[in-house]
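Take a look at the structure set out below.
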Amino acid sequence: MITMRLISETLLEAPRRSNPIPNAAGTLAVYTQSTYSFRSQTEKKEIRVVNLSTGRSWCVTENPNARSPQWVSKSDQIIWLEWLESGNTDLMVDDAKGTITEIYKAGTVPGQAFDLKVTGQLPFREDNDNELAFAISGRANPDGSLVNPRQIAESTGHSTGRFYSTLPVRDECSYASELRNSIWYGYLRRGPEAGSRYSISGISNLMIFAGLEGLESPMSPLGGEESSREFEICPFAVVFITRDKEVNNATHTACSCYVQPVERWDQQNRDPIYPARRYRGLGGAISLVTVDKSDENRPIAFISQKRDGHTADKYRIMYIPLALFENVYEIFASADGNGLWDLSPCAISFGNNGTLLIQAEQNGRMMLYHLGLRDFERLRPAALSLVDPWGFGSITHVTPVRSDSSKILITQSSLVETPTWNIFNLAAPTESPKVLSASRPMDLGLSKAQVNSIWFDSSGNRRIHAWVIKPSKFDPQQRYPLAFFIHGGPHSAWNNQWSVQWNLALFAEHGFVIVAPNPAGSSGFGQAFKDSSQYSWGGLPYTDLERCFEYLQQKESLQYIDTARSVAVGIGYGGYMVNWIQGHELGRKFKALVTHDGIFSMTSQLASNRQHFINEIGGPIWETPGVGSGALVAFEIRLGEVLWEQVCMEWLGWSHRDRWRLMSIIRWMVVAMIHDFAVTENWVVFPIIPQVCDIERMKQGGEHWQWSPGTPLYLGVLPRHGAKSTDVKWFHYKNCFPGHTSNAYEDESENLIIDLGLSDKNVFFWWPDAQGNAPESSIHSQLVRFTIDPRSEDLQLGEPRVLQGDNSEFYRIDD
């Protein structure tokens, strides 16, 4: 085997596989695979089949528009969706073993379909594969028909303008639309003769059939693993989860699970014989539903949160022992309502003999448990059996190999191991898992020895976890720069599993030691720990990060980490935290700070996704005015207090009285533009352009910025370290236009020297003054030097020294 080095190209060119789906016999599994080539700049997409005994795999189709493969009931035939240029979708069929001479089309649905599901053993039908039911998801037009994206593009033309009068403006990764997701069902039939081919009936919108117009399911973006887990079908019903329409979904997470009986999959009657049964769960979000198709009673399980609007709440397992049964039971329920199990299951599925396979984050790993459901009303967490044959890494997916077998098909990975598929026998837990050769990990020269788990003390007698990842060619005699990674969320975690988006081993291979802490608010360490960041995004989490850095500095066994050469990297909430760190003492410990998708303004969040974050900050902005000083919530951080408080048009802060809350908007007398700034060893300088903003002018259709001839040039001077907002000094000069800064330093007399371009008139002709006067063509900008005594109480600036009188801009200092 050729060993490759882990670099960006090898990471991104590695095959990406979906989770495998075994056939009814447990001999084969179907999956999708995509592979990108940097050399050809192309992506190859396939539907493939793997033999679960030999590990050999082969391609069924390379059509890039093929997706969502499923087994045709108990057979070895595969059916999948194939998108057409017309915007419609074909249902294609082939034999996984290649016994059918050619792939054939079973029919076409009029629109773009996702998330195909197939079931057999229909009621009042013979128990064979000749008559089957299927369901798909998609976007619904106002009349309930399946959306054809080509027709939408033709009707909207080239306009991308959108107007919103209600929230949310965005939903996940796309702008919210009046079109809703929905589920359609249909019928597959073939003749009894050998070699007969399937054909489909028309499709029916389930929501219209059930009289449930206005509900949306799936709730997640279509075509992903999440949307596929939000509805299921069995021979006599469709089971789905949806947001409650009685509440505002922009600020609430309450969901219900519905079971809609379908007696005839080939009929489209408006009113079903049996109405849908609704299960409200515990009052909060519901994230997935699963049906035990091997049990004739078709038991149903789903996971539900209890607190509406609290996305950080733990999930609990809900069990319906008989489909359409009136009662739903909480597994591990307790008298106090907190639940007996402190972990939060993130995925569940039925195993053999009515057992549940449960995945949950735990101490920086994704763990797997299985649970027998006999006496389900009296179950305790002690009945859980841990499945951990590796003692390392994470189990990210599991499914039974066959409904009557104790063998399960596991997807396992770690921080240094690409995902592999393994067959493990629950009835023989001492046997090693069998890895399928089709998924063998790439040999990237990585090893488990690179990964260490550390725990350190923090405030309140809390123990905090972190991962340490070293380079593959680690030398304990050397010292390595530190890359300090802060995860998103805040209710997420760094787990010991492979990732393409944020691959910590990749950064380690570039010569860093990676430390990835799981501070307050992280998932997988109990509900109380997860809740501890509420109202305090910059409180306990910051303390934990600070203590982690101190631990790295002091721990003798970690002295190979050179904390004097360190960079902090934050993702999402971690990006927010990097901003927060910059305004605190910890920010002085890093040579560089990197923020990715970090929150910069909480008010702008109102125009983003669903507003579930308001429970994290104590309520809606307009209902929690608060008073007092605190950190600027333009990032909810002190960076704002240090640098921006007296410059930005409006800002929000936290109150420190009884708890962390948002405070009201404050307007500052100088609302103008910062086009550039300068930094010296001890000072930060902000030249303020006399372009002013006026809300009333904007309401009347005026420009955002307008040149103000009566406003002086301001140079804000602020201590670079440990400053408060009151420490800023606003030195001023006559009305003029400051260009880009060229240089800034402190001379021997501790005066502040700043060199920049200066023009006596407005340079931005696109923002004229109130009379519409644009700058003259003879406008002249020259390089000048201001000398400022930052300790002076006289804020009037003297005449600057002209360094370069020629008309010029965009200066640079030659090396």
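The values are calculated or read from the model by the stated rules, or taken from the named source; none is laboratory data. The structure displayed is predicted, hence computed values, not measured ones. Glycine gets a Cβ as well: all are built from the backbone with ideal geometry, and neighbour counts include every protein chain shown.
Here are some notes:
- Scanning the range 284-297 for residues that are in a loop (DSSP other than H, G, I, E, B) and surrounded by 19 or more Cβ atoms within 10 Å (Cβ to Cβ) gives 284, 285, 292.
One line per residue, one yes/no per condition, for (1) charged (D, E, K, R); (2) in contact with a helix residue (DSSP H, G or I) (Cβ under 9 Å, 6 or more places away or on another chain); (3) on the phi < 0 side of the Ramachandran plot; (4) at pLDDT 95 or above:
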| residue | (1), (2), (3), (4) |
| --- | --- |
| 535 | no, no, no, no |
| 547 | yes, yes, yes, yes |
| 552 | no, yes, yes, yes |
| 563 | no, yes, yes, yes |
| 566 | no, yes, yes, yes |
| 569 | no, yes, yes, yes |
| 572 | no, no, no, no |
| 576 | no, no, yes, no |
| 580 | no, yes, yes, no |
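- Pick from the range 52-88, criterion touching a Gly at 6+ places or on another chain (Cβ under 7 Å) and among the polar types (S, T, N, Q), ranking: nearest to residue 184 (Cα to Cα): 88
Here's the yes/no breakdown for (1) within 13 Å of residue 737 (Cα to Cα); (2) in contact (Cβ under 8 Å) with a residue 40 or more places away in the chain; (3) not assigned by TED's automatic domain parsing to the domain that holds residue 759:
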{"position": "677", "(1), (2), (3)": "no, yes, no"}
{"position": "699", "(1), (2), (3)": "no, no, no"}
{"position": "709", "(1), (2), (3)": "yes, yes, no"}
{"position": "714", "(1), (2), (3)": "yes, yes, no"}
{"position": "718", "(1), (2), (3)": "no, yes, no"}
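- Within the range 414-437, considering residues that are within 17 Å of residue 33 (Cα to Cα) and buried (at least 17 other Cβ atoms within 10 Å of the Cβ), the one modelled with the lowest pLDDT: 436
- The residues listed here are 241, 203; of these, the one that is of a type in the set (A, V, I, L, M, F, W, C) and either without any contact (Cβ under 8 Å) to a residue 40 or more places away in the chain or over 25 Å from residue 75 (Cα atoms) (or both) is 241.
- Filter result for residue 382 (aliphatic (A, V, I, L, M), surrounded by fewer than 16 Cβ atoms within 10 Å (Cβ to Cβ) and more than 29 Å from the chain's Cα centre (by Cα)): yes
- Residues of the range 476-491 that are at pLDDT 95 or above and small (Gly, Ala, Ser): 483 alone.
- Of all residue pairs spaced 6 or more apart or on separate chains, those with beta-carbon atoms under 8 Å, a first member in the range 265-286 that is closer than 17 Å to residue 320 by Cβ and a second member that is in a strand (DSSP E or B) and basic (Lys, Arg) are 282/316.
- Test: residue in the range 78-97 that is surrounded by fewer than 20 Cβ atoms within 10 Å (Cβ to Cβ), closer than 25 Å to residue 406 by Cβ and either in contact (Cβ under 8 Å) with a residue 12 or more places away in the chain or in contact with a strand residue (DSSP E or B) (Cβ under 8 Å, 6 or more places away or on another chain) (or both): no
- Which numbered condition residue 401 misses (of (1) touching a residue at least 60 places away in the same chain (Cβ under 8 Å); (2) within 27 Å of residue 453 (Cβ to Cβ); (3) buried (at least 17 other Cβ atoms within 10 Å of the Cβ)): (2)
- Hits in the range 243-275 (condition: within 29 Å of residue 200 (Cβ to Cβ) and crowded, with 22+ Cβ neighbours inside 10 Å): 257, 258, 259, 260, 262, 265
Quick grid of which residues meet (1) hydroxyl-bearing (Ser, Thr, Tyr); (2) assigned by TED's automatic domain parsing to the domain that holds residue 712; (3) crowded, with 19+ Cβ neighbours inside 10 Å:
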position	(1), (2), (3)
723	no, yes, no
726	yes, yes, no
734	no, yes, no
738	no, yes, yes
742	yes, yes, yes
747	no, yes, no
751	no, yes, no
757	no, yes, yes
760	no, yes, no
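- Residue check, residue 304 among the hydroxyl-bearing types (Ser, Thr, Tyr), part of a strand (DSSP E or B) and farther than 21 Å from residue 357 by Cβ: no
- Every residue from the range 767-815 that is closer than 18 Å to residue 755 by Cα, touching a residue at least 24 places away in the same chain (Cβ under 8 Å), in a loop (DSSP other than H, G, I, E, B) and charged (D, E, K, R): 789, 806, 809, 812
- In the condition set (1) touching a residue at least 24 places away in the same chain (Cβ under 8 Å); (2) touching an Asp or Glu at 6+ places or on another chain (Cβ under 9 Å); (3) in a loop (DSSP other than H, G, I, E, B), residue 106 is compliant with all but (3).
- The residue pairs whose first member lies in the range 446-461 and is loosely packed, with under 14 Cβ neighbours inside 10 Å and at pLDDT 95 or above, whose second member is in a strand (DSSP E or B) and aromatic (Phe, Trp, Tyr), and whose beta carbons are closer than 7 Å, counting only pairs six or more residues apart or on different chains, are 453/467.
- Qualifying residue in the range 128-137 (condition: in a loop (DSSP other than H, G, I, E, B), under 27 Å from residue 32 (Cβ atoms), of a type outside the set (Gly, Ala, Ser) and at pLDDT 90 or above): no
- Residue 339 vs. criteria touching a residue at least 60 places away in the same chain (Cβ under 8 Å) and in contact with a strand residue (DSSP E or B) (Cβ under 8 Å, 6 or more places away or on another chain): no
- Restricting the search to strands (runs of 3 or more DSSP E) fully inside the range 176-264 and requiring at least 1 residues that are more than 25 Å from residue 346 (Cα to Cα) and modelled with pLDDT under 90 gives an empty result.
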